[in-house]
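Only the coordinates and a few stated rules stand behind these numbers; no lab work does. Not measured: the values here are computed from a predicted model. Every residue, glycine as well, gets a Cβ built from its backbone with ideal geometry; the counts of neighbours run over all protein chains shown.
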Amino acid sequence: MLIIAPYAQKLRNGKENAKNYPYWAEVIKGINDDIVQVGITGEIPLVDDCRFNLSINELRTLINDCTTWISVDSMFQHLAWDCNKKGIVLFSQSDPAIFGHDSNINLLKNKLYLRQNQFLWWEDVDAIEDSYFEPDKIIKHIDQFY
């Protein structure tokens, strides 16, 4: 089983979070495993097995039972690190050298896309679609776990 955590925290101003990866459908098509999506109510379901609003303990159990996981830069990657479960984190404009964990595969397409001040609020950041790796490159990294 592979877990996906496809969305970062909702922004207070209602804008789409620039951390959210835009090519999930293509990535999901390339995965040859059962996929469980985790998140919160209101997020767009991308697979049949969506588990929203899980407690931290329920998430920990799911993480410990999975083969691997893939997430945008969000709380999920930090919880998985705390569970000692390696996975893949999709970065776009935040710096994995600051916010990532060395035990994971931290995918950053190009440092040129990093926002100038890494510690400001995301409400003022627009998504840059080209700042993410293409789906086929992400799928190759997922294949390393199988």
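Highest mean first, how do 20-30, 55-65, 114-124 rank when packing is the count of other Cβ atoms within 10 Å averaged over residues? Can you show the working numbers first?
On the way: 20-30: 16.5, 55-65: 13.5, 114-124: 11.8.
Ranked from most to least packed, the peptides come out as 20-30, 55-65, 114-124.
What percent do you get for the relative contact order of the chain when only Cα pairs under 8 Å and 6+ apart count? Write out the running numbers ahead of the final one.
On the way: 241 pairs, mean separation 40.3, N = 146.
Relative contact order here is 28 percent.
Please compute the modelled spin-label separation between K137 and Y113, points set 7 Å along Cα→Cβ, answer in nm with one decimal.
Label-label distance for Y113 and K137, simple model: 0.8 nm.
For the chain, treating each Cα as an identical point scatterer without solvent, what Debye log10 I(q)/I(0) comes out at q = 0.16, 0.18 1/Å?
Scattering profile of the chain, log10 relative to I(0): -0.84, -1.08.
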